[in-house]
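Structure first, commentary second.
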Amino acid sequence: MTTHRIRSRPPQVTTLTPVEFVTATERLAGFLNDAAHYPGGHAPAVVFPRNEAQLASVLWDASSVLPIGAQSSLTGGATPRGEVLLSLSKLSVPGEPTPNHITVQPGVTLTTLRHILEAAGKAYPPVPTFEGATVGGIVSTNAAGAATFKYGTTRDWVRALTVMLACGEVLDLERGQVHAANGRFEIETSIGTIKVPVPTYRMPGVPKCSAGYHAEPEMDLIDLFIGSEGTLGIVTSVTLDIIGHRPDIGYALIALDNETQAVEIASCLRDMSIQTRRTKERAGLDVIAIEFMDRRCLELLREGETHRRTKFAVPETKGVVLLAQVELLSGTTTEQIYEEIGIASSAVAPDTPIVRLCRVLGDKGLLEATELVGPDDHLRSESLLALREAVPEAVNRWVGLARRTVDDTIEKTAADMIVPFPRFMESLNLFRDAFSSRGLDYAIWGHISDAHLHPNLLPQAAEEVRLGQEAILACGREIIRMGGCPLAEHGVGRNPTKQALLRELYRETGIAQMRAVKNALDPTGKLAPGVLFKLHGE
Ligand SMILES: Cc1cc2nc3c(=O)[nH]c(=O)nc-3n(C[C@H](O)[C@H](O)[C@H](O)COP(=O)(O)OP(=O)(O)OC[C@H]3O[C@@H](n4cnc5c(N)ncnc54)[C@H](O)[C@@H]3O)c2cc1C
């Protein structure tokens, strides 16, 4: 039976040793920045709790804290502005997988999670690209990845959470047990009942959304904490769904003449894969992700040849490149793939996902322009993924160089926006117009299988950063009108442009509703103050 009420419990006391507390400047220095590289991070201390009692003692003593995982945030959400830094890195007990779940502490990284699951022949598929991220971090940002098209976002995989509230009491949440009723939840604590109002704004109907608090009329309480970016509670334990096998994934790197052709092929692969999942046909094509890199990305890769970790050649095209990940029949080898490519167009070809893929590519005259890599060719598949990752790395290098040589106020200026798939081309044109009409250089890549793009500015002057932010805001307004979300997977953090996009999405009334949730659960504004929105509307 579900209810809208839940009782909190006191923290477990497993040891009375004091929490590790670091104030030394040289050790603190390594924690004053996240992957957004905003300058000016400062904190009086970083603490490393190892259990609930130590964590609660920090919350009781400090006036403000910022929880951090691996600080791979791209939004400044893990950059301190004077709070005590609460590192979850020592809460890193991994747990043993059961057939369908694994329970881990928040400081466990995705690399560790993968190793544990691989050893048990299992997998957690919806991972974001950066494997150094922690489980606490991905839950708190509702991170998503390339494979959202098949596997959804982190939210879809969280079965249970333990969360410590700002008051130091603990909620053990299991999906399906606490649902909002009459627009609220009630949390009974030792000092009284907290009434938490449920926001009434409508979230955009797209597969990825990391834009403030989740809201639905009868929502599950667990969903309020997922994606709340550390502002409502500290995640201390996570139970994730897992799958009982490791899918065999092949890769197709497809060079295309233009973006229209890219959208056509992505659309076709998407439709076929949706059909396969519906019919559960064994030989059906099952694409889990399609990545998109535009012409400027390919130029950056060529220019940065010496920096690249991968020696996979950048395809010779003046157009764009798609990188599709395809789930293949278990045990498919590269040798088999090459045999099937050779006979794909003949009547004797077996009915397999690869043959179906080759026929689609052949019909569009793209087979010659495609590189296929089998699941057993680890070196080449890793190289292909590294080629894709070399794009953001090249942009980060560009921004770093501009900061060092042109103006030290230059910062990474990038969008993270998703639209319903039929509006993909419109969104691409929107980004191009917004950047080029302001005379800006930029590169666009992203997850075309979800119509989700990351347009990134290539700045050459500080003024261009301001123009880039203006372009992103203008695009965000249009993306919202298209039914999309201008904050798809990286969250909002402390980035002023992203906070402005959140206000555009839910208007001031929506922000006021989020503030009401925050005030109910954290009345003194102790947890991650200024992340998502300003606390008092100033
Ligand atoms: C190279 C690179 C690639 C990336 N690719 C992707 C991608 O594909 N998809 C994607 O979604 N993101 C991506 N990101 C962004 C980033 O990795 C994710 O946002 C990730 O979820 C952050 O995890 P973290 O452990 O580093 O958390 P942090 O950056 O330390 O923290 C992120 C936020 O979560 C809060 N937080 C952290 N731990 C807890 C906790 N235990 N309890 C409460 N709050 C907590 C923090 O206060 C902060 O607001 C990428 C980043 C990089 C650098």
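Please determine, in degrees from 0 to 90 and to the nearest 10, the orientation of helix 496-521 with respect to the longest principal axis defined by the Cα atoms of the chain, where the helix direction is its Cα long axis. Around 40 degrees separate the two axes. Between the alpha-carbon centres of region 1-75 and region 476-538 there is a gap of 22 Å.
Relative contact order for region 105-196: 18 percent, from Cα pairs under 8 Å spaced at least 6 residues apart, divided by residue count. Taking only Cα atoms, what is the 0 to 90° angle, nearest 10, from helix 334-343's long axis to the longest principal axis of the chain? On a 0 to 90 degree scale, this one is about 40. About the Cα centre of region 7-102, how large is the charge dipole given +1 on each Lys and Arg Cβ and -1 on each Asp and Glu Cβ? Please answer in debye to the nearest 20. Rounded to the nearest 20 debye, it is 180 debye. Packing here is the average count of other Cβ atoms within 10 Å per residue, and on that basis the peptides 18-24, 75-81, highest first, run 75-81, 18-24. Beta-bridge orientation, the chain: approximately 85 percent antiparallel, per DSSP, counting only bridges with both partners inside. Largest accessible area first, the listed residues PHE149, PHE424 line up as PHE149, PHE424 when surface is computed with a 1.4 Å probe on the assembled protein chains. THR333 exposes around 50 Å² of accessible area when a 1.4 Å probe is run over every protein chain in place. If you take the alpha carbon atoms of region 213-263 and fit the smallest convex hull around them, that volume is 219 Å³ per residue. With all protein chains kept in place, the per residue accessible area of the chain amounts to 41 square angstrom at a probe of 1.4 angstrom. Inter-label distance, ILE243 to GLU281: 1.9 nm, where each label sits 7 Å from its Cα along the C-beta direction. The listed peptides 132-138, 346-352, ordered by packing as a protection proxy, come out as 132-138, 346-352 (highest mean of other Cβ atoms within 10 Å first). Taking label points 7 Å from Cα along the Cα-to-Cβ direction, ILE191 and LEU535 give a separation of 1.5 nm. Remark: accessible surface ordering of HIS490, HIS452, HIS245 (largest first) is HIS245, HIS490, HIS452, probe radius 1.4 Å. Since only THR129, THR112, TRP157 are under comparison, the one whose Cα sits farthest along the positive direction of the charge dipole of the chain, derived from C-beta charges on Lys, Arg, Asp and Glu, is TRP157.
Its Cα gyration tensor gives the chain an equivalent ellipsoid. The semi-axes, each the square root of 5 times an eigenvalue, are 39, 27, 22 Å from largest down. The distance separating the Cα centre of region 393-416 from that of region 367-382 comes to 32 Å.
Please determine, in degrees from 0 to 90 and to the nearest 10, the orientation of helix 353-363 with respect to the longest principal axis defined by the Cα atoms of the chain, where the helix direction is its Cα long axis. It works out to around 60 degrees. Evaluated over the chain, the count of Lys pairs having alpha-carbon atoms less than 14 Å apart is 8 (only pairs 8 or more residues apart or interchain).
The 1.4 Å probe gives accessible areas that order SER57, SER273, largest first, as SER57, SER273. Structural descriptor for the chain: relative contact order 17 percent, calculated from alpha carbon pairs under 8 angstrom and at least 6 residues apart.
On region 213-270, 44 percent of the accessible area sits on carbon and sulfur atoms, based on a 1.4 Å probe. For region 327-448, the orientation-averaged shadow of the C-alpha convex hull comes to 11.0 nm² (one quarter of the hull surface).
Using all pairs of distinct alpha-carbon atoms, the Kirkwood hydrodynamic radius of region 90-214 works out to 16.4 angstrom. Of all the accessible heavy-atom surface of region 20-73, with the other protein chains kept in place and a 1.4 Å probe, what percent is carbon and sulfur? Heavy-atom surface of region 20-73 belonging to carbon and sulfur, 1.4 Å probe: 57 percent.
Here the peptides 428-437, 166-175 are ranked by packing, the mean other Cβ count within 10 Å, and the order with the highest first is 166-175, 428-437. Going 7 Å from the Cα of THR17 along its beta-carbon direction, which residues of region 43-67 have the amide nitrogen within less than 14 Å of the resulting point? Once the point is set 7 Å along Cα→Cβ of THR17, 48-55 turn out to lie under 14 Å by backbone N, inside region 43-67. The DSSP beta bridges internal to region 389-458 are antiparallel in roughly 100% of cases. Across region 352-487, the mean sequence separation of Cα contacts (distance under 8 Å, 6 or more residues apart), normalised by length, yields a relative contact order of 26 percent.
Taking the accessible area of region 349-395, probe 1.4 Å, and keeping the other protein chains in place, the carbon and sulfur fraction comes to 50%.
The values are calculated or read from the model by the stated rules, or taken from the named source; none is laboratory data. Just so we're clear, the structure is a prediction, and the values are computed from it rather than from any experiment. FYI the Cβ positions are ideal-geometry reconstructions off the backbone, even for glycines, and counts take in every protein chain you see. Just so you know, the surface numbers come from the protein's heavy atoms only, side chains and all, with ligands and any DNA or RNA stripped out. Shrake-Rupley method; radii C 1.70, N 1.55, O 1.52, S 1.80 Å.
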